[in-house]
Amino acid sequence: MLEGNVLVRNILKANVIKEVGRAILKELGIITLFIFFTTGILNIVFSHTDTSILAKFVLGMLWFAVLPGYCIMLAWRTSIPLGERTVVGTLVILGVFGVMSYYLGLLGIRIQHHTALLPFLVIVATVVCLFIQQRKDIQTPNDEVPNGNDGVSNENT
């Protein structure tokens, strides 16, 4: 019986991870469309600037602010819509990066490394935390009954 429960739990874990992965990929596709839209708008506004320079700017902002902001707000993906999560996460991460950059500068890490280091650290830490949280949420209690009884109270006997 216990082996069947382990099998069921593993199947549930795999299905939940697949569903969450599909939802995240769908949201990243929407963010990608927004990036193309933003690049097009900036290309119209700054018509005398080369498109490759604008695309590099937009991708830099995506890497430095939008993706880490999106990642830190993934924990609220069921309760807050994508647009609000992305905006709030971007604003929060810009503030966090300001503080982190200050303290990393005090530690002697040059600011030229912050644009690559900080987003990477935030994204990796967030993914690890969400994976751990997801594993805890999926775990179900064992079907074994504690203390050897079958859940029936023996108060009257």
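The values are calculated or read from the model by the stated rules, or taken from the named source; none is laboratory data. This one's a predicted model, so the numbers in the text were calculated from it and none came from an experiment. Cβ: placed from backbone, ideal geometry, glycine included. Neighbour counts: every protein chain shown.
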### Message
List pairs: first residue in region 121-138 and more than 17 Å from R77 (Cα to Cα), second residue part of a helix (DSSP H, G or I) anywhere in the structure, Cβ distance under 6 angstrom, at least six positions apart or on different chains.
### Response
V122/P68
### Task
Determine which member of the set M61, M73 is within 30 Å of E19 (Cα to Cα) and either surrounded by fewer than 16 Cβ atoms within 10 Å (Cβ to Cβ) or β-branched (V, I, T) (or both).
M61
### Tally, over region 38-75, of residues that are modelled with pLDDT of 90 or more, over 18 Å from A116 (Cα atoms) and under 11 Å from the mean Cα position of the chain (by Cα)
1
### Query
Which of the following residues is out of contact with any His (no Cβ under 6 Å at 6 or more places or on another chain), aliphatic (A, V, I, L, M), assigned to a helix (DSSP H, G or I) and under 29 Å from K18 (Cβ atoms): I93, I44?
I93
#### Entry: L106 within 12 Å of P68 (Cβ to Cβ) and either assigned to a helix (DSSP H, G or I) or aliphatic (A, V, I, L, M) (or both)
no
### Task
Check off (1) at pLDDT 75 or above; (2) more than 20 Å from the chain's Cα centre (by Cα) for V127 and give me the number that stays unchecked.
(2)
#### Entry: When residues of region 130-146 are limited to those that are surrounded by 13 or more Cβ atoms within 10 Å (Cβ to Cβ) and at pLDDT below 80, the one farthest from M61 (Cα to Cα)
I138
### Message
List pairs: first residue in region 17-30 and within 15 Å of C71 (Cβ to Cβ), second residue surrounded by 10 or more Cβ atoms within 10 Å (Cβ to Cβ) and charged (D, E, K, R) anywhere in the structure, Cβ distance under 9 angstrom, at least six positions apart or on different chains.
### Response
V20/R77; A23/R77; I24/R77; E27/R77; E27/R85
